[in-house]
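The values are calculated or read from the model by the stated rules, or taken from the named source; none is laboratory data. Nothing here was measured: the structure is a model prediction, and the numbers come from that model. Cβ atoms come from the backbone with ideal geometry, glycine included; neighbour counts cover every protein chain shown. Please note that ligands, DNA and RNA were not included when accessible areas were found on the heavy atoms of the full protein model with its side chains. Shrake-Rupley method; radii C 1.70, N 1.55, O 1.52, S 1.80 Å.
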Amino acid sequence: MRLLLATHNQGKRREWRALLEGLDVELLLPDDLGLHDDIEETGETYTENALIKARALAAASGLPTLADDSGLEVDALDGAPGVRSARYHLGTDEVRYRALLRALEGVPLERRGARFRCIAALVLPDDAGTSREYITEGVCEGVISFEPRGEAGFGYDPVFYLFEHSCTMAQLTEAEKNRISHRARAAQAMRPILEREARLARP
Ligand code: ITT
C-alpha cells in the first residue's frame, strides 16, 4: 500500500520511516507528489490538527495519508505550550526550548513535570469521495531539565529529561527514542490498523 506521510518536519519524517519499518507500505512524502505540505493548523486540539493535515493531503493525493500532531505539556505552565508547541516562539527549535527554560526559571525539579503527547491520524479516502479515519495516541512522561543536553532527536528533546534513562530524549539513540517516545507509542497502536489496510489494499 502506498502511504503518504503528511509532515514537513524532518525529525518526524525520519522517525516515522523507522517506526513503520517491516510494514507492507511504500512511504511517500508530499514533495514526491509535488504537493505542498505546509498546511495551516487552525484546530484547538491535537486531534483536530492531525486530521486537518491528513485530510488535506489525502484529498490532494487520493492516497491513504498519515499525519501526527504533537506537543509538550508542562505542568508548571498549566499544560502549555501543548497544542501550540510549534508556535511557542518564532525561530528555531533551540529558540523555542530556550524560551521554555526561561519561562521555568526558578521552578524547582519537583514542579518541572511534563509530557510529550502525539496524536496520529490516518485518513483513507475512497473513490466515492468519502473516507475512513483512525486516530491513535501516545504519551511519554518526563521533566523539563535545567539545561539542554544531547544532540540527537529534534524539537524540545534536549530539555526533556527521562528519569528511567537518566538522560534527556536528545541523549538517546534514535532506536532508543523509537522504543519509548510518544510517537513510538502512537505508531505501535497504528501498526495493526496499517497492517490490515495494507492487506486489504493488496490486489
Ligand atoms: P508538521 O505539522 O508538518 O507535522 P510541526 O513541526 O509543525 O510539523 P507539530 O505541529 O506537531 O509539528 O508541532 C509539534 C511541536 O512539538 C514542534 O515544535 C516540534 O518540534 C515539537 N515536537 C514534536 N515531536 C517532538 C519530539 O518527538 N521531540 C521533541 N519535540 C517534538
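Going by the structure shown, is Ala103 at pLDDT 95 or above and over 23 Å from Asn9 (Cα atoms)? Explain how you work it out, then say what you get.
On the way: at pLDDT 95 or above: yes; over 23 Å from Asn9 (Cα atoms): yes.
Yes: the conditions hold for Ala103.
If you take the residues of segment 178-189 that are out of contact with any Asp or Glu (no Cβ under 6 Å at 6 or more places or on another chain) and basic (Lys, Arg), which of them is surrounded by the fewest Cβ atoms within 10 Å (Cβ to Cβ)?
By that ranking, first place goes to Arg179.
So which of Ala58, Ala67, Ala54, Ala50 is open to solvent by less than 40 Å² (accessible area, probe 1.4 Å) and over 20 Å from Gln10 (Cβ atoms)?
Selected residue: Ala58, the only one of Ala58, Ala67, Ala54, Ala50 that is open to solvent by less than 40 Å² (accessible area, probe 1.4 Å) and over 20 Å from Gln10 (Cβ atoms).
Just a yes or no: is a residue in segment 145-156 over 23 Å from Lys53 (Cα atoms) and among the acidic types (Asp, Glu)? First the steps, then the outcome.
Initial filter on segment 145-156 (over 23 Å from Lys53 (Cα atoms)): 145-152.
Applying the additional criterion that residues be among the acidic types (Asp, Glu) yields 147, 151.
Scanning segment 145-156, I find at least one residue that is over 23 Å from Lys53 (Cα atoms) and among the acidic types (Asp, Glu), so the answer is yes.
Cβ contacts < 8 Å: first residue β-branched (Val, Ile, Thr) and more than 7 Å from the ligand (Cβ to nearest atom), restricted to segment 82-93; second residue open to solvent by 70 Å² or more (accessible area, probe 1.4 Å) and modelled with pLDDT of 90 or more, any location; separation 6+ or different chain. Result?
Pairs that qualify, where the first residue is β-branched (Val, Ile, Thr) and more than 7 Å from the ligand (Cβ to nearest atom) and the partner is open to solvent by 70 Å² or more (accessible area, probe 1.4 Å) and modelled with pLDDT of 90 or more, are Val83/Glu44.
Hey, among Glu41, Glu21, which residue is out of contact with any Leu (no Cβ under 9 Å at 6 or more places or on another chain) and away from the ligand (no atom under 12 Å from the Cβ)?
Matching residue, one of Glu41, Glu21: Glu21.
Go through segment 117-160 and give me each residue that's free of Cβ contacts under 8 Å to residues at least 24 places away in the same chain and assigned to a strand (DSSP E or B).
Arg132 - this is the single residue of segment 117-160 that is free of Cβ contacts under 8 Å to residues at least 24 places away in the same chain and assigned to a strand (DSSP E or B).
The conditions are (1) open to solvent by less than 30 Å² (accessible area, probe 1.4 Å); (2) in contact with a Ser or Thr (Cβ under 7 Å, 6 or more places away or on another chain); (3) outside any helix (DSSP H, G or I), and Ala114 fails exactly one of them. Which is it?
(2)
Could you tell me which of the residues Ala80, Ala67, Ala56 is among the small types (Gly, Ala, Ser), in contact with a strand residue (DSSP E or B) (Cβ under 7 Å, 6 or more places away or on another chain), at pLDDT 95 or above and closer than 19 Å to Thr130 by Cβ? Write out each step before concluding.
Values: Ala80 fails: closer than 19 Å to Thr130 by Cβ; Ala56 fails: in contact with a strand residue (DSSP E or B) (Cβ under 7 Å, 6 or more places away or on another chain).
Ala67 is the lone residue from the list that is among the small types (Gly, Ala, Ser), in contact with a strand residue (DSSP E or B) (Cβ under 7 Å, 6 or more places away or on another chain), at pLDDT 95 or above and closer than 19 Å to Thr130 by Cβ.
Take the conditions closer than 22 Å to Ala6 by Cα and open to solvent by less than 50 Å² (accessible area, probe 1.4 Å) and apply them to Pro108. Does it pass?
Working: closer than 22 Å to Ala6 by Cα: no; open to solvent by less than 50 Å² (accessible area, probe 1.4 Å): yes.
No: the conditions fail for Pro108.
Filter segment 24-38 down to residues that are open to solvent by 50 Å² or more (accessible area, probe 1.4 Å) and either without any contact (Cβ under 8 Å) to a residue 60 or more places away in the chain or in contact with a Ser or Thr (Cβ under 9 Å, 6 or more places away or on another chain) (or both) and give me whichever is farthest from the ligand (Cβ to nearest atom).
Of all residues in segment 24-38, those open to solvent by 50 Å² or more (accessible area, probe 1.4 Å) come to 24, 26, 31-34, 36, 38.
Then keep just the ones that are either without any contact (Cβ under 8 Å) to a residue 60 or more places away in the chain or in contact with a Ser or Thr (Cβ under 9 Å, 6 or more places away or on another chain) (or both); that gives 26, 31-34, 36, 38.
Values: Glu26: 20, Asp31: 12, Asp32: 15, Leu33: 15, Gly34: 17, His36: 11, Asp38: 7 Å.
Among them, the one singled out is Glu26.
Okay, residues lined up against (1) of a type in the set (A, V, I, L, M, F, W, C); (2) open to solvent by 10 Å² or more (accessible area, probe 1.4 Å); (3) closer than 15 Å to Lys12 by Cβ:
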{"position": "Gly138", "(1), (2), (3)": "no, no, yes"}
{"position": "Glu141", "(1), (2), (3)": "no, yes, no"}
{"position": "Glu147", "(1), (2), (3)": "no, yes, no"}
{"position": "Phe154", "(1), (2), (3)": "yes, yes, yes"}
{"position": "Ser166", "(1), (2), (3)": "no, yes, no"}
{"position": "Glu176", "(1), (2), (3)": "no, yes, no"}
{"position": "Arg191", "(1), (2), (3)": "no, yes, no"}
{"position": "Leu194", "(1), (2), (3)": "yes, no, no"}
